[in-house]
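Undergrad: After the structure tokens below, expect a handful of questions from me.
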């Protein structure tokens, strides 16, 4: 093993975090190359009804059962709309991430999360806390980037919870804005 200065850019394999209620640390070894440690952007799979509201600017928070603690303000969250859309439809900047007790999440954010109480309760069943990802500056890409293109070019598999976005992913999505 060779020690390298901390400020040099390195490329690493990363792990998708699985959203399995029964295994907090269960990870799936799915690889995306060129992870840039100085930029922790994310790809989140989001149901289309919520994804569309985020990129339109209506929905300003995303609720999650788990999310990386210490996420840097200013990171970008790429929005993969799950079936039937199955495409990256936009992105937004993460302004803050809070871990809160589930009841406090509902009390503080139910009016801006666009989720019914029964769906909220089912999502956080058997959880005592969760994460609120506050978003700003949403952008809808002019041409959604379909899963087929993501798979062909990057070997991308939609994460169950989230994945880290690498340079190739960012370039492919941002290139769709031209």
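Undergrad: Ranked highest first by average number of other Cβ atoms within 10 Å, how do 120-129, 137-146 line up? Present the calculation step by step, with values, prior to reporting the outcome.
TA: Numbers: 120-129: 12.8, 137-146: 15.7.
So the peptides 120-129, 137-146, ranked by packing, come out 137-146, 120-129.
Undergrad: Follow-up question, since we're still on this one. If you average 1/r across every pair of different Cα atoms in segment 40-175 and take the reciprocal, what Kirkwood value do you get, in Å? Write out the running numbers ahead of the final one.
TA: Working: mean 1/r = 0.0663 Å⁻¹.
It works out to 15.1 Å.
Undergrad: If you restrict to DSSP beta bridges whose two residues both lie in segment 40-175, what percentage is antiparallel, to the nearest 5?
TA: On the way: 26 of 31 bridges.
Bridges in segment 40-175 are about 85 percent antiparallel.
Undergrad: Still on this model: Under the definition of Cα pairs under 8 Å and six or more residues apart, what whole-number percent is the relative contact order of segment 40-175? Please report the intermediate quantities before stating the final value.
TA: On the way: 244 pairs, mean separation 47.8, N = 136.
The normalised contact order for segment 40-175 reaches 35 percent.
Each reported figure results from applying straightforward, stated rules to the coordinates on display, with no laboratory input. If you're wondering where the values come from, they're calculated on a predicted model, not measured in any experiment. Positions of Cβ are generated from backbone atoms using ideal geometry, with glycine treated the same way; all protein chains shown enter the neighbour counts.
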